[in-house]
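The values are calculated or read from the model by the stated rules, or taken from the named source; none is laboratory data. Since this is a predicted model, take the numbers as computed values, not measurements. Glycine gets a Cβ as well: all are built from the backbone with ideal geometry, and neighbour counts include every protein chain shown. The area values use the complete protein model at the heavy-atom level, side chains included, leaving out ligands, DNA and RNA. Shrake-Rupley method; radii C 1.70, N 1.55, O 1.52, S 1.80 Å.
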Amino acid sequence: MRYTSALTAATLGMLGATALATALCAQEGGAGKPWRGAGTPPCFAPEGGTIKCVPAPGTVAIRAGQLFDSKTGQMVSRQIVLMQGERITEVGPEAQVKIPAGAQVIDLSQATVLPGMIDAHTHMFNNPKPGMSRETSTLIALQNLQADLNAGFTAARDMSSHGNGYGDVDIRNAINEGRIDGPRFRVSGRGIVWGATPATAPANPLTSIVVRSVEEARAAVREHVEHGVDWIKLFPGGAYSFAASGEAQYVTTYPLPVLQALIDESHLLGRKTGCHVFGGEGLKNAIVAGCDTVEHAYGLVQEQADTMVAKGLFYDPTLVRYTEPYMDDNDNKNTGGKYRMIPIFEKAVTMAGNTKGLRIMVGSGVDGGTFPHGTQALEVESFVKQAHMSPARAIQSATIVNAEALGWQDQIGSIEKGKYADLVAVSGDPLTDIAELQRVKFVMKGGKIIRNELTQYAAPSR
């Protein structure tokens, strides 16, 4: 099959590398002529350049000693997972699922198998340092996202490119085309921020878009969609401080009509919104306006959590990112050691975890600075140790809940027939020791083994 203009990266969305590479495989030259170049006929990506041609998919079977069912939150023993190419074809007890003759068998009978984890808040690009080239920035981004994949995060949502324009769109497309290995990505481009005063300098095409009215807000959303983003990143709130009384105070940015226009335009164009906000009026506005995922929300209170349940909104706390030691350092400096944000935030997340029906996501906020890429399993652990969730629920947040939030619940997030073969494995039991997720030994994305420290070979069955 040759690539046509109708088969764009945007419409391919969740197509994995195998399906896309097969779709782009050029077994003939230009104008339908036979290949007359060097070697065997290659496969081409749409923008040019060759990529590895994918062979016809065979059957693979995994023997799982334990398998985490993310839909029920239960661990089941002695399971067989069959897959053909990128997709799972059957899952069940080894006494019921027959491994076909000739299938490749991966023996994980001494391990625990889980769905590939999903990080709902990453920044593949670091903030570029002065004088840094776009090429260097991109190379760092590639290193970051591959660290995430090797750590068992087979999918992610990237929540703004940190001054790198729509580079996250290009990287998402490259992953989908099979050019590079990386998580399945939803990306959000530049992000949209509020400007209270008139512009005094030309806009930077790589940084966040600044809006000052409802009309500019809607236009900024349209620009993002035209560039192929999946999500719209908004900033209804800014910094926090403490009053002399110790009460936390939060900066509000967009006026509510502007925020509502941003969200309404996003929904009109088929995109969801993620809102960076810490508390106060900005948090109230984000919930009232219907932001699909509320990010951070240090000052979340019970009434707001209940409203989020009623409106079907998701909560993405990024708990580790904002309870790191630097937070106390800043508060000590700014308040003379009198007040701290960390206990306020931990209390909010614990309350959220106890709110019936509130869907809580695992999003790390990894940014290559204070929270390194590849260590996001710390976020899952924080849900257990800081927010007092059960290990099973914390893992569900990192799998099936995140899949639903990202609109991928029919593709990933659980080990089920028809879904992508995105799997990870650990040696121990994460329901007993949640820190096991920091010691991922096996990673598979779309049936392709990315990392394997548990078995030396995959032998054909007889």
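Results, tabulated for the structure shown:
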{"item": "Residues (over 18 Å from residue 77 (Cα atoms) and crowded, with 24+ Cβ neighbours inside 10 Å) located in region 406-422", "result": "406, 412, 413, 420, 421, 422"}
{"item": "Every residue from region 423-449 that is surrounded by fewer than 21 Cβ atoms within 10 Å (Cβ to Cβ), of a type outside the set (D, E, K, R) and not in a loop (DSSP other than H, G, I, E, B)", "result": "435, 438, 449"}
{"item": "Filtered residues of region 254-283 (kept if in a helix (DSSP H, G or I), within 25 Å of the chain's Cα centre (by Cα) and crowded, with 21+ Cβ neighbours inside 10 Å)", "result": "259, 262, 263, 265, 266, 282, 283"}
{"item": "Inter-residue pairs, beta-carbon under 7 Å, first in a strand (DSSP E or B) and in region 305-324, second open to solvent by less than 20 Å² (accessible area, probe 1.4 Å) and of a type in the set (Asp, Glu), 6+ apart", "result": "316/295"}
{"item": "Only listed residue being surrounded by fewer than 22 Cβ atoms within 10 Å (Cβ to Cβ) and either modelled with pLDDT of 95 or more or part of a loop (DSSP other than H, G, I, E, B) (or both), chosen from 154, 112, 138", "result": "138"}
{"item": "Residue in region 63-73 that is in a strand (DSSP E or B), out of contact with any Pro (no Cβ under 8 Å at 6 or more places or on another chain), touching a residue at least 40 places away in the same chain (Cβ under 8 Å) and of a type in the set (A, V, I, L, M, F, W, C) present", "result": "yes"}
{"item": "Residues of region 186-226 satisfying the condition of being closer than 29 Å to residue 153 by Cβ and either in contact (Cβ under 8 Å) with a residue 60 or more places away in the chain or β-branched (Val, Ile, Thr) (or both)", "result": "186, 187, 188, 192, 193, 207, 209, 221, 225"}
{"item": "Residue check, residue 351 farther than 30 Å from residue 146 by Cβ, open to solvent by 10 Å² or more (accessible area, probe 1.4 Å) and among the aliphatic types (A, V, I, L, M)", "result": "yes"}
{"item": "Neighbours by Cβ (under 9 Å, 6+ apart or cross-chain): first from region 382-407, farther than 16 Å from residue 429 by Cβ and basic (Lys, Arg); second part of a helix (DSSP H, G or I) and open to solvent by less than 30 Å² (accessible area, probe 1.4 Å)", "result": "385/434"}
{"item": "Residue list for region 157-182, restricted to those being part of a loop (DSSP other than H, G, I, E, B), of a type outside the set (Ser, Thr, Tyr) and over 14 Å from the mean Cα position of the chain (by Cα)", "result": "162, 163, 164, 165, 177, 178, 179, 180, 181"}
{"item": "Qualifying residue in region 398-421 (condition: β-branched (Val, Ile, Thr), closer than 16 Å to residue 182 by Cα and at pLDDT 95 or above)", "result": "yes"}
{"item": "Matching residues in region 356-384 - criterion: being of a type in the set (Ser, Thr, Tyr) and either within 18 Å of residue 127 (Cβ to Cβ) or open to solvent by 10 Å² or more (accessible area, probe 1.4 Å) (or both)", "result": "364, 370, 375"}
{"item": "Residue among 210, 251, 225 that alone is surrounded by 18 or more Cβ atoms within 10 Å (Cβ to Cβ) and either among the aliphatic types (A, V, I, L, M) or at pLDDT below 95 (or both)", "result": "225"}
{"item": "Filter result for residue 440 (over 27 Å from residue 329 (Cβ atoms), under 16 Å from the mean Cα position of the chain (by Cα) and of a type in the set (A, V, I, L, M))", "result": "no"}
{"item": "Within region 159-185, tally of residues that are of a type in the set (Gly, Ala, Ser) and farther than 18 Å from residue 368 by Cβ", "result": "2"}
{"item": "Some residue of region 297-313 being in contact with an Asp or Glu (Cβ under 7 Å, 6 or more places away or on another chain) and under 19 Å from residue 248 (Cα atoms)", "result": "no"}
{"item": "Any hit, region 426-439, residues being within 18 Å of residue 157 (Cα to Cα) and not polar (S, T, N, Q)", "result": "no"}
{"item": "Candidates 319, 313, 268 - the one that is more than 23 Å from residue 156 (Cβ to Cβ) and among the aliphatic types (A, V, I, L, M)", "result": "268"}
{"item": "Only one of 181, 168, 148 that is under 19 Å from residue 135 (Cβ atoms) and either open to solvent by less than 10 Å² (accessible area, probe 1.4 Å) or in contact (Cβ under 8 Å) with a residue 12 or more places away in the chain (or both)", "result": "168"}
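So that you can scan it fast, the table gives a plain yes or no per residue for (1) touching a Ser or Thr at 6+ places or on another chain (Cβ under 9 Å); (2) over 22 Å from residue 305 (Cβ atoms); (3) part of a loop (DSSP other than H, G, I, E, B):
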{"site": "331", "(1), (2), (3)": "no, yes, no"}
{"site": "350", "(1), (2), (3)": "no, no, no"}
{"site": "363", "(1), (2), (3)": "yes, no, yes"}
{"site": "369", "(1), (2), (3)": "no, yes, yes"}
